[in-house]
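The values are calculated or read from the model by the stated rules, or taken from the named source; none is laboratory data. Remember, predicted model here, so these are calculated numbers, not experimental data. No Cβ is skipped: glycine too gets one built from the backbone with ideal geometry, and neighbour counts run over all protein chains shown.
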Amino acid sequence: MNELVELWLYLSASPLFGLAATLGVYVLAALASARLGQPPWANPVLWTVLVLAALLVASGTPYAAYFAGAQFIHFLLGPAVVALGWLLWQRRAALRRQALAFGVAALAGGAAAAGSAVLLGQAMGLPVEIVAALAPKSVTAPVAMGIAERIGGVPALAAVFAVLTGLIGAVTAPYLFDALRITSPAVRGFALGTASHGIGAARALQVHPDAGAHAGLAFALQALLAALLLPLALRWL
Amino acid sequence: MDGVDPLLGRVLEGGGVNPVPPRPGTPAPALAGLALLLGCQLAGELLARATGLPWPGPVLGLLLLIGLLAAGLWQGPIAAACEVLLAHLSLLFVPVGVGVITHLDAVARHGLALAGVLLLSTWIGLAVTALVLKALLKP
């Protein structure tokens, strides 16, 4: 028993644990989701985060020890944001043809998501640094952290809000779209990418290739527009 | 041309029907592409620091990448690296998501309000985007 505890202490202090646990749990969650026919509630990111968070809390492992290994995966978010440029470049023909529709929808949707989050947050009496972390939550986590830093929010909280927003969209959007009678895969995908960034886009890609392509476009467009406009907009407030 | 090494020629063209493994010493396209992505990010970070622009470094890197693609530079390697990275994008959010355990006190104190704000604002964002796009999209 004592040896087991010692082994655990050794493993949890090494970066290997965080890296192996993240990849291992994610692969299992993705397999389980595929086996179940990929229903929205079986989102692999959601279950991986829940399982790992429960594991860390139950074993008393500090987040810093986990992150020592997980940072190798986290680091790839930076180049992944740069890679969104390729998504935009690939879809430049569609982007040019529907420039007005995509541009206005991305701006209106992004402004509605950020504005409603800030107003609702203030109305519910949340502290200022939490409200500032809510503003960029429709943007992909690494960009959201960068924006939050620049507008006085807590970057780590902004990242968590962004991931939660992505999960809420990925899990609940199909029902909302059905209720609103929005049937076009392109429109559903674009809305998911705009309001729920990469996690929503990953979900859209599972459902329909057309939805996935528009979600990828919207997600990249939103990251770019929000990162360029939010710091400027909030300077005036 | 006879003088061109057929193996090198196929590597430069991006593989073709039967992609050959790059010969020893030749970097694989995805690896070269990853170096380019990191280079764009680094240049973006430096640009943000040096100029005091209010925009995150990776986003400036994104714009630089579009610049490279528009100039017709290294499209093959960039495409190879981007495909690999974006195919497993959702995995990259896991470490940040697990970070929720460091804010359990804030979640416990404001949990209900936060859940309400996150749910409502996400639905508002989804609905506004979908309805505006549906109205404006050309057939």
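Provide a single number: the residues in segment A:114-126 that are at the interface with chain B (Cβ under 8 Å from one of its Cβ atoms) and out of contact with any Leu (no Cβ under 8 Å at 6 or more places or on another chain).
Summing the residues that are at the interface with chain B (Cβ under 8 Å from one of its Cβ atoms) and out of contact with any Leu (no Cβ under 8 Å at 6 or more places or on another chain) in segment A:114-126 gives 2.
Any residue at all in segment A:176-183 that is in contact with a Gly (Cβ under 8 Å, 6 or more places away or on another chain) and in contact (Cβ under 8 Å) with a residue 12 or more places away in the chain?
No.
State all residues of segment A:185-212 that are β-branched (Val, Ile, Thr) and either within 19 Å of the chain's Cα centre (by Cα) or more than 9 Å from every other protein chain (Cβ to nearest Cβ) (or both); if no residue qualifies, say none.
A:Thr194, A:Ile199, A:Val207
Can you find, within segment A:40-90, the residue that is surrounded by the most Cβ atoms within 10 Å (Cβ to Cβ) among those that are of a type in the set (Gly, Ala, Ser) and touching a Phe, Trp or Tyr at 6+ places or on another chain (Cβ under 8 Å)?
A:Gly69
Out of the residues in segment A:141-153 that are β-branched (Val, Ile, Thr) and within 8 Å of chain B (Cβ to nearest Cβ), which is surrounded by the fewest Cβ atoms within 10 Å (Cβ to Cβ)?
Step by step, filter segment A:141-153, then rank; the result is A:Val143.
Taking the options B:Leu69, B:Leu12, name whichever one is surrounded by 11 or more Cβ atoms within 10 Å (Cβ to Cβ), modelled with pLDDT of 85 or more and not β-branched (Val, Ile, Thr).
Matching residue, one of B:Leu69, B:Leu12: B:Leu69.
State all residues of segment B:44-75 that are of a type in the set (A, V, I, L, M, F, W, C) and under 25 Å from A:Ala233 (Cα atoms); if no residue qualifies, say none.
Result: B:Leu46, B:Leu47, B:Ala48, B:Ala50, B:Leu53, B:Trp55, B:Val59, B:Leu60, B:Leu62, B:Leu63, B:Leu64, B:Ile66.
Looking at (1) outside any helix (DSSP H, G or I); (2) in contact (Cβ under 8 Å) with a residue 60 or more places away in the chain, which is the only condition A:Gly37 fails?
(2)
Could you tell me how many of the residues in segment A:106-125 are buried (at least 22 other Cβ atoms within 10 Å of the Cβ) and either among the hydroxyl-bearing types (Ser, Thr, Tyr) or outside any helix (DSSP H, G or I) (or both)?
Summing the residues that are buried (at least 22 other Cβ atoms within 10 Å of the Cβ) and either among the hydroxyl-bearing types (Ser, Thr, Tyr) or outside any helix (DSSP H, G or I) (or both) in segment A:106-125 gives 0.
Which of the residues that make up segment A:155-184 are more than 8 Å from chain B (Cβ to nearest Cβ), of a type outside the set (Lys, Arg) and not in a helix (DSSP H, G or I)?
A:Thr183
Looking for something within 7 Å of chain B (Cβ to nearest Cβ), within 23 Å of B:Glu45 (Cβ to Cβ) and part of a helix (DSSP H, G or I) - is there at least one such residue anywhere in segment A:89-98?
Checked segment A:89-98: at least one residue is within 7 Å of chain B (Cβ to nearest Cβ), within 23 Å of B:Glu45 (Cβ to Cβ) and part of a helix (DSSP H, G or I).
Of A:Ile147, A:Ile151, A:Ile130, which residue is modelled with pLDDT of 85 or more and either farther than 21 Å from A:Gln90 by Cα or out of contact with any Phe, Trp or Tyr (no Cβ under 7 Å at 6 or more places or on another chain) (or both)?
The unique qualifying residue is A:Ile130.
Confirm whether A:Ala101 is in contact (Cβ under 8 Å) with a residue 60 or more places away in the chain and either in a helix (DSSP H, G or I) or facing chain B (nearest Cβ under 8 Å) (or both).
Spelling it out, it is not the case that A:Ala101 is in contact (Cβ under 8 Å) with a residue 60 or more places away in the chain and either in a helix (DSSP H, G or I) or facing chain B (nearest Cβ under 8 Å) (or both).
Tell me yes or no: at least one residue of segment A:218-226 is without any contact (Cβ under 8 Å) to a residue 40 or more places away in the chain, more than 7 Å from chain B (Cβ to nearest Cβ) and either farther than 14 Å from A:Leu88 by Cα or under 14 Å from the mean Cα position of the chain (by Cα) (or both).
No.
Please work out which one of (1) surrounded by fewer than 17 Cβ atoms within 10 Å (Cβ to Cβ); (2) over 29 Å from A:Ala29 (Cβ atoms); (3) in contact with a Gly (Cβ under 9 Å, 6 or more places away or on another chain) is the condition B:Val84 fails and give its number.
Status for B:Val84: all satisfied but (2).
Of all the residues that make up segment A:91-123, how many are under 16 Å from A:Gly153 (Cβ atoms) and among the aliphatic types (A, V, I, L, M)?
6
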